[in-house]
Amino acid sequence: MKHQELVEATTEFIRSTVLPVDDEHDGDITAAGGDDLRVRLQTAAKEAGLFAPHVPQEYGGLGLGMADRAAVFEAAGYSLFGPLALNIAAPDEGNMHLLEQVATPEQKERFLRPLAAGEVRSAFAMTEPPPGAGADPQALTTTAARVDGGWAINGRKHFITGADGAAFHIVMARTGGGATMFLVPADTPGVELVRHVPTQDRAMVGGHCELRYTDVRVGDDAVLGAVDEGFRYAQVRLGPARMTHVMRWSGAARRAHETAVRYLASREGFGSRLADLGGAQHLIAENEIDLAATRALLMDACRALDAGERASKATSIAKTFGAEALHRVVDRSVQLCGGMGVSADLPVAKIARELRPFRIYDGPSEVHRWSIARRAVRELG
């Protein structure tokens, strides 16, 4: 299937198969069926030839690079459940990329292959309660100590997306000379799901959870990559994952914008269509500009990643601008729709609810700005 055909087929699949379920349940994945719904939607995506577009072909995917993913992921993100249907939702999509880049052949067979096939889900366990690691990964408090036959992991994590029902966790823990990533099956003794952390978003299967690791024993074969190199591997995952977040949320923001424009074009007031009033047209134009600028910055970062660059500056800029610009798009769309914009009669309100956290997760805007500024000072100061 050619790239444009893939985008068009994804668009049609989302509109015909996924959006009706999303809208019926107001974007609440638990109410819609949770993992049972995931399996049904992913089966349909496989039958349509759209499943796992980012995964290498040897693991059953379509093997798209970063730049080619953008339009496909945006088309999937038009529905809050679309990324889940195509197996490109966080955290699994980022974990697949990390495993592809870092895991041993044996680890790929055990963890990547079933994850890429949608047979299991995963979690990425890095964020911790205070005083542990949040936006500053150097504050990591979870530890892994050497014991006979391997390692003992102890610590707490929270806001771990998808942890409820995940088959395995990628756990970041402090080791002697830095941090190390470990592949930990969720049923390992000592792994405890403490609770779901209540959050405003409701579209993520498995929720956002607090976890406790108490003397969790794993072997040396559980080490992902090299010992003490976990912070470096985190960047392997986080740069591309930030860009795929921008792709998916661009689709959701575009739906909010298109919904608002259609609503204004069908409603009259003050002697004309609302869409013909100057104030409304200004907000519509601002939305168009923010969507186009987000895509441009996204593509710049994706091309750098495809060229093998680390692209830290480009991904930080695209993530920061994208998170804020897409939030503006959805907020304007709410305003343009008036009372309908805060009701469940239109999809705009639920998109606003789900998209707002993007300015925080995968690095708050303020932290990215600090990083961008520090880099500029090093280069130019």
- Which of the following residues is surrounded by fewer than 23 Cβ atoms within 10 Å (Cβ to Cβ) and under 30 Å from PHE13 (Cβ atoms): VAL223, VAL261, VAL194, VAL246? VAL261
- Query: Taking the stretch 336-365 only, how many residues are under 17 Å from LEU238 (Cα atoms) and touching a residue at least 40 places away in the same chain (Cβ under 8 Å)?
  - Reply: 7
- Residues of the stretch 71-104 satisfying the condition of being surrounded by fewer than 23 Cβ atoms within 10 Å (Cβ to Cβ) and under 13 Å from the mean Cα position of the chain (by Cα): ALA90, HIS97
- Query: Pairs, please: C-beta under 8 Å, at least 6 apart or cross-chain, first residue of a type in the set (S, T, N, Q) and in the stretch 45-70, second surrounded by fewer than 20 Cβ atoms within 10 Å (Cβ to Cβ)?
  - Reply: GLN57/GLY63
- Can you tell me which residue among ALA275, ALA304, ALA292 is loosely packed, with under 13 Cβ neighbours inside 10 Å and part of a helix (DSSP H, G or I)? ALA292
- Filter the stretch 1-30 for residues that are touching a residue at least 40 places away in the same chain (Cβ under 8 Å) and over 22 Å from THR259 (Cα atoms); which is surrounded by the most Cβ atoms within 10 Å (Cβ to Cβ)? LEU6
- Item | Residues of the stretch 326-339 satisfying the condition of being surrounded by 22 or more Cβ atoms within 10 Å (Cβ to Cβ) and either touching a Cys at 6+ places or on another chain (Cβ under 7 Å) or of a type in the set (Gly, Ala, Ser) (or both) | SER333
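Values quoted throughout were computed directly from the atomic coordinates according to the rules given, and no laboratory measurement underlies them. If you're wondering where the values come from, they're calculated on a predicted model, not measured in any experiment. For neighbour counting, all protein chains shown are included, and Cβ atoms are generated from backbone atoms with ideal geometry for every residue, glycine included.
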